1. Within 10 Å, count the other beta carbons around each residue, average over each peptide in 388-400, 87-99, and list them highest first.
2. Pairs to check: K349/K372; K330/K487; K49/K370; K18/K283. Give those whose C-alpha atoms are more than 30 Å from each other in this structure.
3. For region 1-111, with only Lys/Arg (+1) and Asp/Glu (-1) charged at the beta-carbon, what is the dipole magnitude about the Cα centre, in debye rounded to 20?
4. Could you calculate the contour length gain from E179 to N391, that is, 0.36 nm times the residue separation minus the distance between their Cα atoms, to one decimal place in nm?
5. How much length is gained on full extension from K338 to E132, taking 0.36 nm per residue of separation minus their Cα-Cα distance?
6. In whole Hz, what ³J(HN,Hα) sequence does region 224-234 give by Karplus (6.51, -1.76, 1.60; θ = phi - 60°), x for Gly and Pro?
7. What order do you get for 207-218, 38-49 when each peptide is scored by the mean count of other beta carbon atoms within 10 Å, highest first?
8. Quick check on region 34-103: take the gyration tensor over C-alpha atoms, sort the square-rooted eigenvalues as a ≥ b ≥ c, and tell me if it's rounded (a/c under 1.5), prolate or oblate.
Amino acid sequence: MKYELHDLVRYFHNVRNKKGELNPIIGEDKLAVTSALAYLLEDNNMVIKAYSGTGKTVIMDAVFNLLPDEYYHTIEHLSETAVWYEAEKINRARFVAIPEAQKLPEGVMEVIKTWGDNRPAFRKRTDVTIGETVEQTLHPKFVFMCVAVENDKGSAYFDAELERRCMIGHTNPTAKQTESVIKHKLMHVALPKKELLTMSDDEIKGLKQHVLNAIGRRDDERAMQLRNPCAPFLMKAIPSIFPVSRSKVQYLLKLINAVARFYDDEILRVERDGVTYGLVTPKHNWLALRIYLDTFISECLHMPSHGTDILQLFPDTALDKFGMSADVVKLTESEIKKEAKRAGLPFTKLRPVLSALVMTGFLEMDETEKGKTKYFKSPLISDPSKKIKWNDLIEKTEEFVREKWPEISSEYIGRSCGSIEITDPFSGDHIKLGKGAKTAIDVETIDKDVKPPFQSKADERLWDGDMTKFLLLATGDYNEKDIEKIKRIDSR
């Protein structure tokens, strides 16, 4: 069976805890998929920073649930020296989980930072049984950490020095997300188990084996070296004005590689000078951009915690044909605070977030009205995914491959640069990419027989007359008019 990233999303919707109870990831598809791919298949240190109770450890547990127990070790709350007494277990493990990193003592955090530089940590101690000093070693490990942002003590240890060594994600703290989670929990106690499951045990077992196989190929010392012929043409999506992009871009490139590793059978291999290279395709680039680009841009621009949530309170500021701002919506701090409360955002101190958004260019200030400062969204910040012209990217990639990889160029162009069929990871729709596509998110849906108002074949198949269940599990966003139309489909 060929597995798609959509199956990984389905897994997160059907994940079960160690007791076998359904404990799905709701409304955090991009973060969950990014975590699994980047951490498990490309050896990125991963951190989820969020308020307590917003689901960060649920995502972590789901990612590690893809692995056999012997593959990972969990570091709980330890003293400065206790971690060294677990050295043997840690050294044996392939991965390390740290559910509450903000509670680790400073000495243990120093070990994590040392690992972040791919260096082993050392400690000397006296062995009383032999009366000599011995040296202990903790071999470098890639860690998956969760950090509660409201813990000031933990934030002091989890500093910029450590952050730059990690890929960072944030959960969604909004009232809408909370409502979705509560709805699911209420349905969980009201419906039979089979009504909530949309993925069989055999499918989950097969997916886990697929991931393990990908990890095994990654660990093979004779493994191929991945190269991405599309990479030089991603430049327009990278905010080069900010120096932090120099280090953060590696996470975007690694995620593209991780997507390619998931689709190992699609990688074209070529031998050169005794080295096996694997060429990543435009499809893998598109999928990675679909999954991670927004988060990547937020990190590059030093988007403050929950800055994205604040920006969503502002309508977009348009530019007219002369490049001037038009229809600008300006809000005072008190107005923003009211809108934030209405949206369910858990802010106690709004001003630091607004200041950070102004510093990074996301918001601009209008102080012309005496005694009032108003904020508005900068018209210069546009959706980065729209900056990549897909048509240009494919054409330039073809030219690049002909010049730099001539021995495999015909096969690569024929298989990977023509009409490219992709399963959208989040909707499950079959879509087609090609030279006619204008942007990196401009696609043609192959599932043309989807009946309006359904937004995907997956949602159409889900509809069985139970509206509550449909709204809980559907991937599309349906308004009241859509719901009324769906109800009429059932009545016919």
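Values quoted throughout were computed directly from the atomic coordinates according to the rules given, and no laboratory measurement underlies them. Remember, it's a predicted structure, so these values are computed and weren't measured experimentally. With ideal geometry, Cβ positions are generated from the backbone for all residues, glycine too; neighbour counts draw on all protein chains shown.
1. By packing density, highest mean first, the sequence is 388-400, 87-99.
2. Details: K349/K372 19 Å; K330/K487 40 Å; K49/K370 39 Å; K18/K283 35 Å.
K330/K487; K49/K370; K18/K283, as the Cα separations exceed 30 Å there.
3. Working: 12 positive and 17 negative charges, 77 e Å.
Dipole of region 1-111, to the nearest 20 debye: 380 debye.
4. Working: separation 212, 0.36 × 212 = 76.32 nm, distance 4.00 nm.
So the extension gain works out to 72.3 nm.
5. Working: separation 206, 0.36 × 206 = 74.16 nm, distance 6.57 nm.
Going from the current span to full extension adds 67.6 nm.
6. Here the 3J(HN,Hα) series is 5, 9, 7, 10, 10, x, 7, 3, x, 9, 9 Hz.
7. Details: 207-218: 15.8, 38-49: 23.6.
Put in order of decreasing packing, that is 38-49, 207-218.
8. On the way: a/c = 2.02, a/b = 1.19, b/c = 1.70.
Note, shape of region 34-103 comes out oblate.
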